[in-house]
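K.L.:
Sharing a structure with you now.
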Amino acid sequence: MPTVTLNRDELFSRLGRTFTKREFEDLCFEFGIELDEETTEKEQVERMMGSDAAREAKEEWVYKIEVPANRYDLLCMEGMSQALNVFLGNTPHPNFHYSAPKTAPQQLIVKPETAQIRPFVVGAVLRNLTLNQRAYESFLELQAKLHQNICRERKLVAIGTHDLDTVEGPFTYEALAPEKIKFAPLRHPDKVMDANQLFNFIDEFEGYKDLRPYLPIIRNSPVYPVILDAKRRVLSLPPIINGEHSKISVATKNVLIECTATDLTKARIVLDTLVAAFSEYSQDKYSVERVEVVFPDERAGSKSIQTPDISTVPMKADVTGINKGIGNLPAPLDANKIQQLLTRMMLKTDILNEQTVQVQIPITRSDILHPCDIVEDVAIAYGFNNVPTRIPQVHTTAKQYPINKLSDMVRREMAQAAYMEILTMALLSREENFTALGKPDDGKAVIIANPATEDFQVCRTSLIPGMLKTLTANTDTKKPLKLFECSDVVLLDSSTDTGARNERRLVAVYQDTNTAGFQFIHGLLDRLMVVLNVAPSEYSLKPSQDETFFPGCQARVIVRGQDVGIIGVVHPRVLINFIKNQSLTCPASALEINLERFL
């Protein structure tokens, strides 16, 4: 789970009282978070960077708190104190509301060419802020936390914050050739360069090393995304860096927030989280000014949208279902009690009737997706420690699934034979699953409808591609390599409810510098037959013509009249398809069998 580091004394000040460590641990448990560590800033720096770097660090106490991965609103001091104050009954729910612009709303105009790289953008304006140094640092830290978490290291969403008083709208979101994007990047006002020069500078300059992991996101694209103001000044080059000209500081009064994205829903959540946390510093507390985003098409549902949308989302929940979901309560919770409990969790609730409540989900609670999430919040507010324990009324005896028990036995045997277990991805590209193995697409693979990348197009129908990819990644490893995997493949099957089924298989490979080691794989198969109680008369090898293996050096494995797998020397052409470099290719032998045939 994500960990947020908060200044202890400031947190206590915001909560209106001090706590002992034990009291605060209890509060965290009741709220569904966990106090991971109490330390000082100096101790933290000393552990990470050494005593020399810690000399200038502060002695102030900090709490390191683990929060649920989907509670983005708790990733900063502002959000955490908001939530805990409402939970403790110290303050009412924040009243998020729109502020009217002095003239027309700020516009963010999206150009058509952005569709090929980062198609979405949303924005908001926070007016009349009063920031101190700690609030300013918290603002930057929350952006970093969101980038690591929901933004998936800026691949899905990238955040930009700008001093609105230094730029002029309307703003445009464009995609331009790298050489056409020229500006001074953050922290370097004297270095005006184009995007190509900037990427080279980031590669070389040690002060920008934290930005290097983000360069591959757009580096190979013919155009880069860029946000410009009315005077064609660069505000940001997402997802890499902002411009120096519009950078924010402690003295900034009006902030423009923009989030470019490949996922519009994630962008809205990120924007809502920033607005909810830092609108508390506005002169008109919890107010936000909307930005009109104008698209060239209907990629966002319409050609013009207003962001952020801070309206609550209604969700109905059944009183009986809530009581059943929590279970074993001394007395059922009625609608009034449920309303009180949900109020503590920042969920305003209306009672529709004795059996139904309607919850208004605010922008801070993007984790509420289903009525079962409401049940969880009622349980947290009620207190898990307040739910009586009971002895189960049904007596059962647990045991392993037969296939899992068999798999564990086979794993032990493989380990005793000095084979190392690996675990590979269940999703592959079509090329890896078929073409690279020398096989045509037989239509038996489960196809992923909207694959995230070309590497995850189908569910694997064999364990061999994953094994060969592992060999590719270990060409420099000392030989021989003796590897195995015991996992599932996925096959289309019209007789099942889902139209597909899993099949447990075992694959093993032997690779050496000068020999394929077929005799070792054959000996391993013989040992497996003994372990699986297959008599010599019940097991035989039948010549085969599989494109993955070398002709004349392969066979189907026949057990009790059933075909259970294949053994052979991997075809050199197949090895080259995976390793790409013929000079690094070493011969290998492989075995793949269906373990479910032995149950």
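K.L.:
How much length, in nm to one decimal, is gained on full extension between PHE205 and ARG152, taken as 0.36 nm per residue of separation minus their Cα-Cα distance?
P.N.:
Using 0.36 nm per residue and subtracting the Cα-Cα distance, I get 16.6 nm.
K.L.:
Under Stokes-Einstein, with the Kirkwood radius over Cα pairs standing in for Rh, what whole-number D in µm²/s applies to region 446-507 at 20 °C and 1.002 mPa s?
P.N.:
It diffuses with D of about 158 µm²/s by this estimate.
K.L.:
How much length is gained if the chain between ALA100 and LYS64 is pulled fully straight, taking 0.36 nm per residue apart and subtracting their Cα-Cα distance, in nm to one decimal?
P.N.:
The ALA100-LYS64 span can extend by a further 9.1 nm.
K.L.:
Expressed in nm to one decimal, what extension gain is obtained for the pair ALA500 and THR435 from 0.36 nm per residue of sequence separation less their Cα-Cα distance?
P.N.:
Fully extending the segment from ALA500 to THR435 adds 21.2 nm.
K.L.:
I've got another one for you. Calculate the translational D of region 520-599 in whole µm² s⁻¹ from Stokes-Einstein, where the hydrodynamic radius comes from the Kirkwood formula applied to all Cα pairs, the temperature is 37 °C and the viscosity 0.692 mPa s.
P.N.:
Calculated translational D: 243 µm²/s.
K.L.:
In whole Å, largest first, what are the principal axis extents of the Cα atoms in region 454-572?
P.N.:
48, 45, 27
K.L.:
Could I ask something else about it? Excluding ligands, DNA and RNA, what is the solvent-accessible area per residue of region 436-557 at a probe of 1.4 Å, expressed in Å²?
P.N.:
I get 51 Å² per residue for region 436-557.
K.L.:
Same structure again: Among GLU37, GLU592, what's the order by accessible area (1.4 angstrom probe), most exposed first?
P.N.:
Greatest to least solvent exposure: GLU37, GLU592.
K.L.:
Can you tell me what the convex hull of the Cα atoms of region 57-161 projects to on average, as an area in nm²?
P.N.:
10.0
K.L.:
If we restrict to alpha carbons, what Rg and Dmax does the chain come to, in Å?
P.N.:
Every Cα atom of the chain included, Rg and Dmax give 29.9, 90 Å.
K.L.:
When you count, for each residue, the other Cβ atoms within 10 Å and take the mean per peptide, how do 202-213, 371-382 rank with the highest first?
P.N.:
Descending mean neighbour count gives 371-382, 202-213.
K.L.:
Per Stokes-Einstein, at 37 °C and 0.692 mPa s, what whole-number D in µm² s⁻¹ belongs to region 386-471, with the Kirkwood radius over Cα pairs as the hydrodynamic radius?
P.N.:
So the translational diffusion coefficient is about 198 µm²/s.
K.L.:
Further question on the same structure: Dipole of region 337-414 (Lys/Arg Cβ +1, Asp/Glu Cβ -1, origin at the Cα centre): which of GLN400, GLN360, PRO371 lies farthest to the positive side?
P.N.:
Checking the options against the dipole of region 337-414, the answer is GLN400.
K.L.:
Lys and Arg at +1, Asp and Glu at -1: add these up for the other residues within a Cβ distance under 15 Å of ARG290 and post the number.
P.N.:
-3
K.L.:
Quick one: net charge of TYR382's neighbours, Cβ under 13 Å, K/R +1, D/E -1?
P.N.:
Charge balance in the 13 Å sphere: -2.
K.L.:
So, one more: Starting from the Cα of ALA251, step 7 Å toward the Cβ, then list every residue of region 95-131 with an amide N under 16 Å from that point.
P.N.:
129-131
K.L.:
Between ASP318 and ALA398, what is the label-to-label distance in nm when each label sits 7 Å out along the Cα-to-Cβ direction?
P.N.:
For the pair ASP318/ALA398, the computed spacing is 2.9 nm.
K.L.:
When ligands, DNA and RNA are left out and all protein chains stay put, how many square angstrom of accessible area per residue does region 59-156 have with a 1.4 Å probe?
P.N.:
Dividing the accessible area of region 59-156 by its residue count gives 43 Å².
K.L.:
Please give the net charge around LEU329, taking every other residue with its beta carbon less than 13 angstrom from that of LEU329, where Lys and Arg add +1 and Asp and Glu add -1.
P.N.:
Surrounding charge for LEU329 is +2.
K.L.:
Let me ask something else. In percent, how large is the relative contact order of the chain, given Cα pairs closer than 8 Å and 6 or more residues apart?
P.N.:
11
K.L.:
Over region 1-160, what is the relative contact order in whole percent, taking alpha-carbon pairs under 8 Å and six or more residues apart?
P.N.:
23
K.L.:
Under the √(5λ) rule applied to the eigenvalues of the Cα gyration tensor, what semi-axes describe the equivalent ellipsoid of region 129-258? Give them in Å, descending.
P.N.:
For region 129-258, the semi-axes come out at 22, 18, 14 Å.
K.L.:
With the contact rule set at Cα under 8 Å and sequence spacing of 6 or more, what percent relative contact order holds for region 464-599?
P.N.:
27
K.L.:
Can you tell me how region 202-318 classifies by the Cα gyration tensor, rounded, prolate or oblate, using a/c under 1.5 as the rounded cut?
P.N.:
Prolate is the answer for region 202-318, as a/c is 1.5 or above and a/b outweighs b/c.
The values are calculated or read from the model by the stated rules, or taken from the named source; none is laboratory data. Since the structure is predicted, the reported quantities are computational estimates derived from the model, not experimental observations. As a convention, Cβ positions derive from the backbone with ideal geometry for all residues, glycine included, and neighbour counts pool all protein chains shown. These accessible areas exclude ligands, DNA and RNA; they are computed on the full protein's heavy atoms, side chains included. Shrake-Rupley method; radii C 1.70, N 1.55, O 1.52, S 1.80 Å.
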